[in-house]
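Below are the structure tokens for one structure; questions will follow.
The values are calculated or read from the model by the stated rules, or taken from the named source; none is laboratory data. Everything numeric here is computed off the predicted structure, so don't read it as measured data. With ideal geometry, Cβ positions are generated from the backbone for all residues, glycine too; neighbour counts draw on all protein chains shown.
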Ligand SMILES: *Cc1c(COP(=O)(O)O)cnc(C)c1O
């Protein structure tokens, strides 16, 4: 049946013409079971599906949306931009303004090259690091996600973690031969053949794992001693945890930054940033090639600039405080129902780990500890119990929650109370009793 009014009808149509019915595996319900709903539109913290149902959205495009859906300032900036033309293949005013806005907010970041996705930003940062150092090896951390390019899927978080993949089919052995995967939160030995160390300065693709005190500073020191470049992948954290990113908050300055998500205001964008002396190695001023037909796209740069201009330090501080309160209430509400859970926060990033009844959830320090406490079946039950109550969480246990500027205290309270009921369903299922409300 191709019923244009139901989620199942739309998903059936989707699976005919789109592999797995989704254009990114993190959107599929394969980890939680069932059929994803199909979105028609969103406003603020809400999304609506083809059946007219409304959901409180804690996915927010996996962090690309900071102000909520269809924020009037972003919509207005886009309407103005679209009327002026959507792409030129020539330098534009908007890309200069977004580049200036980024450099002005991130100390030490003197130049950026704009691209169309976080994946591209990371690909270019790695190539640049290799070109500058004349070395091949790269060090990444287990459970960190850096986009879907060949050399970086090894030990990847996010969808790679959710689907339990070691990497991906179709990646030649030679491509990952120079990728070394090490545990998060431990400063590794950096050999003289290492071009760069890439890290999520707050890991947000293996649920949420904040850096231990001294970890980032230790990486900085180890890279300096080895002559390797340090790359902060701030595609999630950049302009979400604060004006600038974790580099500003931690006082550790990397050689290269990767940005994406927030800086495009919900449109496709990415950026590689760094010192002028390093960035000048990119073509056309240097020998490291990189290009893109839609790079610095006028719509994406207009939306991103509108978002960056709208939020300042005070706003971020308020958002982080609201998220911290939300996190505490969420953990209490779930725990009161008898389901052990741990909620970690870093700024406005919220990590929810659902454990097993009768077992404390240990504080996660790396991918291994996250995996050892994560009960996929508990998350599945919890996820659907929340969805029935009109709250949409990411359909996998390794993502973080993204309360943003559109989520008011009333909406967050709604999530907290739904979570208590959902937790009770999980516990009831475990004790063999039929879950209530089914
Ligand atoms: C999302 C993400 C990427 C990839 O960005 P895309 O725009 O999806 O290509 C890279 N690194 C991190 C840390 C991310 O969260």
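If you check residue 155 against the conditions, is it on the phi > 0 side of the Ramachandran plot and either within 16 Å of the ligand (Cβ to nearest atom) or surrounded by 24 or more Cβ atoms within 10 Å (Cβ to Cβ) (or both)?
Yes.
Every residue in the stretch 251-286 that is away from the ligand (no atom under 16 Å from the Cβ) and either touching a helix residue (DSSP H, G or I) at 6+ places or on another chain (Cβ under 7 Å) or not assigned by TED's automatic domain parsing to the domain that holds residue 122 (or both), please.
Matches in the stretch 251-286: 252, 253, 255, 278, 281, 282.
Tell me which residues, restricted to the stretch 361-383, are within 16 Å of residue 426 (Cβ to Cβ) and without any contact (Cβ under 8 Å) to a residue 40 or more places away in the chain.
361, 373, 375, 377
Just to verify a result, which residue in the stretch 328-348, among those that are part of a loop (DSSP other than H, G, I, E, B) and in contact (Cβ under 8 Å) with a residue 40 or more places away in the chain, is surrounded by the fewest Cβ atoms within 10 Å (Cβ to Cβ)? Reasoning before the result, please.
Going residue by residue through the stretch 328-348, those that are part of a loop (DSSP other than H, G, I, E, B) are 337-340, 347-348.
Then drop every residue that is not in contact (Cβ under 8 Å) with a residue 40 or more places away in the chain, which leaves 337-339, 347-348.
Details: 337: 18, 338: 15, 339: 26, 347: 21, 348: 27.
The extreme case among them is 338.
Look through 85, 131, 143 and report the one residue that is surrounded by 14 or more Cβ atoms within 10 Å (Cβ to Cβ) and either outside the structural domain of residue 294 (by TED's automatic domain parsing) or within 28 Å of residue 296 (Cβ to Cβ) (or both).
Numbers: 85 fails: surrounded by 14 or more Cβ atoms within 10 Å (Cβ to Cβ); 143 fails: either outside the structural domain of residue 294 (by TED's automatic domain parsing) or within 28 Å of residue 296 (Cβ to Cβ) (or both).
Selected residue: 131, the only one of 85, 131, 143 that is surrounded by 14 or more Cβ atoms within 10 Å (Cβ to Cβ) and either outside the structural domain of residue 294 (by TED's automatic domain parsing) or within 28 Å of residue 296 (Cβ to Cβ) (or both).
Is it true that residue 65 is within 16 Å of the ligand (Cβ to nearest atom), crowded, with 21+ Cβ neighbours inside 10 Å and more than 29 Å from residue 380 (Cβ to Cβ)? Walk me through how you get there before you give the answer.
Numbers: within 16 Å of the ligand (Cβ to nearest atom): yes; crowded, with 21+ Cβ neighbours inside 10 Å: yes; more than 29 Å from residue 380 (Cβ to Cβ): no.
The answer is no for residue 65.
Considering only residues that are part of a helix (DSSP H, G or I), closer than 22 Å to residue 158 by Cβ and free of Cβ contacts under 8 Å to residues at least 12 places away in the same chain, which ones fall in the stretch 16-54? Give the steps one after another, and end with the answer.
To start, the set of residues in the stretch 16-54 that are part of a helix (DSSP H, G or I) comprises 16-17, 19-21, 25-27.
Filter again for closer than 22 Å to residue 158 by Cβ, leaving 19-21, 25-27.
Within the stretch 16-54, 19, 20 meet the criteria.
Name, by its number, the condition in (1) surrounded by fewer than 22 Cβ atoms within 10 Å (Cβ to Cβ); (2) farther than 24 Å from residue 71 by Cα that does not hold for residue 398.
Checking residue 398 against (1) surrounded by fewer than 22 Cβ atoms within 10 Å (Cβ to Cβ); (2) farther than 24 Å from residue 71 by Cα, the one that fails is (1).
While we're looking at this one, here's another question. So how many residues does the stretch 91-104 have that are within 22 Å of residue 249 (Cβ to Cβ) and either surrounded by fewer than 18 Cβ atoms within 10 Å (Cβ to Cβ) or not assigned by TED's automatic domain parsing to the domain that holds residue 158 (or both)?
Total meeting the criteria: 3.
Here's something else I'd like to know. Go through (1) crowded, with 16+ Cβ neighbours inside 10 Å; (2) on the phi < 0 side of the Ramachandran plot for residue 293 and report which single condition fails.
(1)
Could you look through the stretch 188-207, keep only residues that are touching a strand residue (DSSP E or B) at 6+ places or on another chain (Cβ under 6 Å) and closer than 27 Å to residue 343 by Cβ, and pick out the one that is surrounded by the most Cβ atoms within 10 Å (Cβ to Cβ)?
In this case the residue turns out to be 203.
Right, here's the next one. In the stretch 116-126, which residue that is surrounded by 24 or more Cβ atoms within 10 Å (Cβ to Cβ) and near the ligand (Cβ under 9 Å from one of its atoms) is nearest to residue 63 (Cα to Cα)? Give the derivation first.
Going residue by residue through the stretch 116-126, those that are surrounded by 24 or more Cβ atoms within 10 Å (Cβ to Cβ) are 118, 120-122, 124-126.
From what is left, the residues that are near the ligand (Cβ under 9 Å from one of its atoms) are 118, 120-122.
Values: 118: 12, 120: 17, 121: 16, 122: 17 Å.
Within the stretch 116-126, the match that is nearest to residue 63 (Cα to Cα) is 118.
Residues of the stretch 220-250 being more than 16 Å from the ligand (Cβ to nearest atom) and crowded, with 24+ Cβ neighbours inside 10 Å, which ones?
The answer is 228, 229.
While we're here: Residue 129 - would you say it is more than 16 Å from the ligand (Cβ to nearest atom), part of a helix (DSSP H, G or I) and over 19 Å from the mean Cα position of the chain (by Cα)?
Numbers: more than 16 Å from the ligand (Cβ to nearest atom): no; part of a helix (DSSP H, G or I): yes; over 19 Å from the mean Cα position of the chain (by Cα): yes.
Taking the combined requirement at face value, the residue does not satisfy it.
Within the stretch 75-100, work out how many residues are more than 24 Å from the chain's Cα centre (by Cα), assigned to a helix (DSSP H, G or I) and without any contact (Cβ under 8 Å) to a residue 24 or more places away in the chain.
Residues meeting the conditions: 4.
Just checking, which of 51, 110 is assigned by TED's automatic domain parsing to the domain that holds residue 400 and either more than 16 Å from the ligand (Cβ to nearest atom) or modelled with pLDDT under 95 (or both)? Reasoning before the result, please.
Details: 110 fails: assigned by TED's automatic domain parsing to the domain that holds residue 400.
Result of the check over 51, 110: 51.
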